[in-house]
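Chemist: Let me begin by handing over the structure; questions about it come next.
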Amino acid sequence: MRLVITDLDGTLLDHDTYSFAEAQPALDLLRRLRVPVIFTSSKTRAEILMWRDLMGNRHPFISENGGAVFYPQGYFPQAPEADIFGDPYPELVRALGEASIESGCRVTGFAQMTVENVARECGMTLAMARLARQREFDEPFLVHDQERLDALLAAIASRGKRHTRGGRFHHITGKHDKAAAVRKLAERFRAITPDVETIGLGDGLNDAQFLNAVDIPVLVRSASTEKLKAAVPRGTVTRECGPGGWRDAILELFPQP
Ligand SMILES: [Mg+2]
């Protein structure tokens with residue numbers, strides 16, 4: 001059995017338009033082959049539920065950079081509703097505020113942004129921005145004093161929190177990452193079918209750990225490709241960016257007669 005585990009922004013979804021149209025032939029193929037497509041994203045549960053609906057996806061998914069794995073009811077016998085890895089959101093917002101003051105590095109987190117602000121920063125509709133603000137395990141933020149970024153990161157680390165970088169935002173999280181969530185999910189699949197091969201697709205540095213944890217890592221081309229390739233030397237880089245690169249990689253990995 002093969003599992004496709006994929007990032008969304010900049011990978012399956014276009015970085016600017018959020019369109020997945022170019023990937024549709026590959027999504028159709030995976031559906032015909034009954035290959036589970038697992039979304040693992042910095043997006044919230046509410047956002048991912050929307051994208052799953054739009055793509056007709058009924059599989060488990062990983063939200064907020066590995067904060068939790070959610071399982072549709074009855075998908076695995078005896079699985080809980082979710083495996084939780086993240087720290088509670090209010091704790092992250094507090095830690096970010098303290099780290100900002102301590103380091104003198106000004107930041108703006110989602111908690112301080114209105115739905116309109118989030119929509120503008122992310123190029124989203126208001127409806128999408130509303131879903132994006134329903135955070136559970138990860139606070140995205142913008143940094144205004146780049147020269148104090150190192151001090152900010154040190155202050156975050158000293159509070160037992162982690163920092164990652166996505167396509168648009170910095171993120172503060174608990175000590176979780178996409179890799180631990182992916183491992184847990186693969187374990188649940190292996191309990192049913194021992195012979196599981198994992199294919200991972202991502203475009204950002206926050207994908208490096210989970211890409212190193214899968215059998216076949218694919219790096220979807222983006223502005224971060226050079227750094228990501230250094231972090232994931234086994235990874236194959238696609239020629240195209242975003243959903244076009246995603247499609248080419250899948251069609252190559254699942255050749256049809
Ligand atoms: Mg991405």
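Bear in mind that the values in this text are calculations on the coordinates, not laboratory data. Quick caveat, the model's predicted, so the values are computed rather than measured. Glycine also receives a Cβ, built like all others from the backbone with ideal geometry; neighbour counts cover every protein chain displayed.
Chemist: With the cut-off at 1.5 for a/c, could you classify region 207-257 from its C-alpha gyration tensor as rounded, prolate or oblate?
Modeler: Oblate shape, in that a/c is at least 1.5 and b/c is the bigger or equal ratio.
Chemist: Continuing with the same structure: If you take the square roots of the eigenvalues of the alpha-carbon gyration tensor of region 161-250 and sort them as a ≥ b ≥ c, do you get rounded (a/c under 1.5), prolate (a/b over b/c) or oblate?
Modeler: It comes out oblate by the Cα gyration axes.
Chemist: Could you grab the relative contact order for the chain? Cα pairs under 8 Å, six or more apart, rounded to a whole percent.
Modeler: 24 percent
Chemist: What's the exposure ranking of Glu102, Glu64, Glu136, going from fewest to most Cβ atoms within 10 Å?
Modeler: Exposure proxy ranking, most exposed first: Glu102, Glu136, Glu64.
Chemist: Further question: Give the percent of DSSP beta bridges with both residues in the chain that are antiparallel, rounded to the nearest 5.
Modeler: The antiparallel proportion sits near 50 percent.
Chemist: Pull out the extension gain between Glu91 and Lys229, defined as 0.36 nm times the separation in residues minus the alpha carbon to alpha carbon distance; nm, one decimal.
Modeler: Gain on extension, Glu91 to Lys229, equals 46.4 nm.
Chemist: In addition: So how do Thr236, Thr17, Thr198 line up by other beta-carbon neighbours within 10 Å, fewest first?
Modeler: Thr17, Thr236, Thr198
Chemist: Right, something else. Which order do the peptides 40-52, 77-89 take when ranked by the mean count of other beta-carbon atoms within 10 Å per residue, highest first?
Modeler: With the highest mean Cβ count within 10 Å placed first, the list reads 40-52, 77-89.
Chemist: About the Cα centre of region 89-173, what is the dipole size in debye to 20, counting +1 per Lys and Arg Cβ and -1 per Asp and Glu Cβ, all else neutral?
Modeler: Result for region 89-173 is approximately 180 debye, rounded to the nearest 20.
Chemist: Same structure, new question: What net charge do the residues around Pro60 carry, taking every other residue with its C-beta under 13 Å from that of Pro60, with Lys and Arg at +1 and Asp and Glu at -1?
Modeler: +2
Chemist: Between Asp16 and Asn212, what length in nm is gained on full extension when 0.36 nm per residue of separation is reduced by their alpha carbon distance?
Modeler: That works out to 67.9 nm of additional length.
Chemist: Give, rounded to the nearest 20 debye, the magnitude of the charge dipole that the chain has about its Cα centre when Lys and Arg contribute +1 at Cβ and Asp and Glu contribute -1 at Cβ.
Modeler: Computed charge dipole of the chain: roughly 380 debye.
Chemist: Is the C-alpha gyration tensor of region 62-185 telling us rounded, prolate or oblate? Criteria: a/c under 1.5 is rounded; beyond that, a/b larger than b/c is prolate, otherwise oblate.
Modeler: Judged from the Cα gyration tensor, region 62-185 comes out oblate (a/c at least 1.5, b/c at or above a/b).
Chemist: On the principal axes of its Cα set, how long, how wide and how thick is the chain? Give whole Å, largest value first.
Modeler: 59, 41, 36
Chemist: Under a point spin-label approximation (7 Å from Cα along Cα-to-Cβ), what is the Arg190-Phe254 distance to one decimal in nm?
Modeler: Output for this residue pair reads 2.3 nm.
Chemist: Can you tell me how much longer the chain between Gln134 and Glu197 gets when fully stretched, taken as 0.36 nm per residue apart minus their C-alpha distance, in nm with one decimal?
Modeler: 19.4 nm
Chemist: Another question, if that's okay. Mind checking which of Ser158, Thr108, Val4 is farthest towards the positive end of the chain's charge dipole, using Cβ charges of +1 (Lys, Arg) and -1 (Asp, Glu) about the Cα centre?
Modeler: Checking the options against the dipole of the chain, the answer is Val4.
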